[in-house]
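Participant: Before I ask anything, let me first share the structure, which is written out below as structure tokens.
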Amino acid sequence: MRDFFLLGDRLGFSTWTDGDRELAHQLWGDPRVSQYICAAGVFTEDEIDTRLALEMDNQAKYGYSYWPIFTRGGGHFVGCCGLRPKGEGVLELGVHLIPRFWGQGYAQEGCQMVIRYAFETLGAKALFCGHNPNNAPSARLIGKLGFTYLGTEFYPPTGLDHPSYVLKRPGSYDTERS
């Protein structure tokens, strides 16, 4: 039984452990997932192990990562959703789901939970996110979450310019004038 630090209606958020190698390979080893996040379209076993180590390292250093998420009813591994450092007071939001959970609202539910956590618990000033230009469902999700389009940003892991977005902390505003 996993311990959850964040609970939603259908999802529970946990942290990665050394025993999660199989889960990491189930997620990032699926080419339907990795096609959107790496230039080769698939990760090697070593790259997946490195990614898992990075997420555990981010949790240890910053108190957040792309956390593993599970269904509350049954404890099924859904994928990961969370944060990584981006810049001064800005965190990057990301979500990767096991394909059998696509199209069921889990990505939106998980992201909404992480957005609240980032602003209310971590005190983030803003959230950044981007998506592979070939991933239309991610573009729709980002729109539903209320992010504002910034432009494109080169994303070295895919070798593509990714549409990029920002979501500012509720109640904040820009003090700079155009």
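The values are calculated or read from the model by the stated rules, or taken from the named source; none is laboratory data. Note that this is a predicted model, so its numbers are computed, not measured. Here Cβ is always computed from backbone atoms with ideal geometry, including for glycine, and neighbour counts include all displayed protein chains. Ligands, DNA and RNA are stripped out before the accessible areas are found, and what is left, the full protein with its side chains, is counted by its heavy atoms. Shrake-Rupley method; radii C 1.70, N 1.55, O 1.52, S 1.80 Å.
Participant: Hey, what does the equivalent ellipsoid look like for the stretch 1-133, semi-axes from the Cα gyration tensor as sqrt of 5 times each eigenvalue, largest first, whole Å? Kindly include the intermediate steps, with their values, before the conclusion.
Facilitator: Working: eigenvalues 84, 64, 46 Å².
So the three semi-axes of the stretch 1-133 are 21, 18, 15 Å.
Participant: Another one. So which GluC sites (Glu not before Pro) in the stretch 1-94 pass both tests, a DSSP loop state and at most 14 other Cβ atoms within 10 Å of the Cβ?
Facilitator: Working: sites: 22, 45, 47, 55, 88, 92; in loops: 88.
The qualifying sites are 88.
Participant: Something else now. Shape of the stretch 86-178 from its Cα gyration tensor (a ≥ b ≥ c, root eigenvalues): rounded if a/c is under 1.5, otherwise prolate when a/b > b/c, or oblate? Write out the running numbers ahead of the final one.
Facilitator: On the way: a/c = 1.93, a/b = 1.25, b/c = 1.54.
Here the stretch 86-178 falls in the oblate category.
Participant: Over the chain, with the other protein chains present, what is the accessible area per residue in square angstrom, probe 1.4 angstrom? Intermediate values should be presented prior to the final figure.
Facilitator: Working: 9610 Å² over 178 residues.
Spelled out: the 1.4 Å probe surface of the chain, per residue, equals 54 Å².
Participant: Oh, and also: Of the heavy-atom accessible surface of the chain (probe 1.4 angstrom), what whole percent is carbon and sulfur? Display every interim value, and only then the final one.
Facilitator: Values: 4790 of 9610 Å².
C and S fraction of accessible area: 50 percent.
Participant: Along the Cα-to-C-beta direction of residue 61, a point sits 7 Å from the Cα; which residues of the stretch 83-122 have their amide N less than 17 Å from that point?
Facilitator: Within reach of a label on residue 61: 83-94.
Participant: Along the charge dipole of the stretch 1-61, Cβ charges K/R +1 and D/E -1, which of 7, 50, 24 sits furthest on the positive end?
Facilitator: 7
Participant: To the nearest 20 debye, what is the magnitude of the charge dipole of the chain about its Cα centre, counting +1 on the Cβ of each Lys and Arg and -1 on the Cβ of each Asp and Glu?
Facilitator: Values: 17 positive and 20 negative charges, 140 e Å.
It comes to approximately 680 debye.
Participant: Sticking with this one: Just to be sure I understand the model, the point goes 7 Å from the Cα along the line to the Cβ. What's the resulting residue 40 to residue 153 distance in nm?
Facilitator: With each label placed 7 Å out from Cα toward Cβ, I get 2.5 nm.
Participant: Here is a follow-up. Positive end of the dipole of the stretch 28-178, charges at C-beta (+1 Lys, Arg; -1 Asp, Glu), about the Cα centre: which of 39, 156, 102 has its Cα farthest in that direction?
Facilitator: Result: 102, furthest along the dipole toward the positive end.
Participant: Right, here's the next one. Does the stretch 90-134 classify as rounded, prolate or oblate by the C-alpha gyration tensor (a ≥ b ≥ c root eigenvalues; a/c under 1.5 gives rounded; else a/b over b/c gives prolate, otherwise oblate)?
Facilitator: Numbers: a/c = 3.43, a/b = 1.59, b/c = 2.16.
Since a/c reaches 1.5 but b/c is at least a/b, the shape of the stretch 90-134 is classed as oblate.
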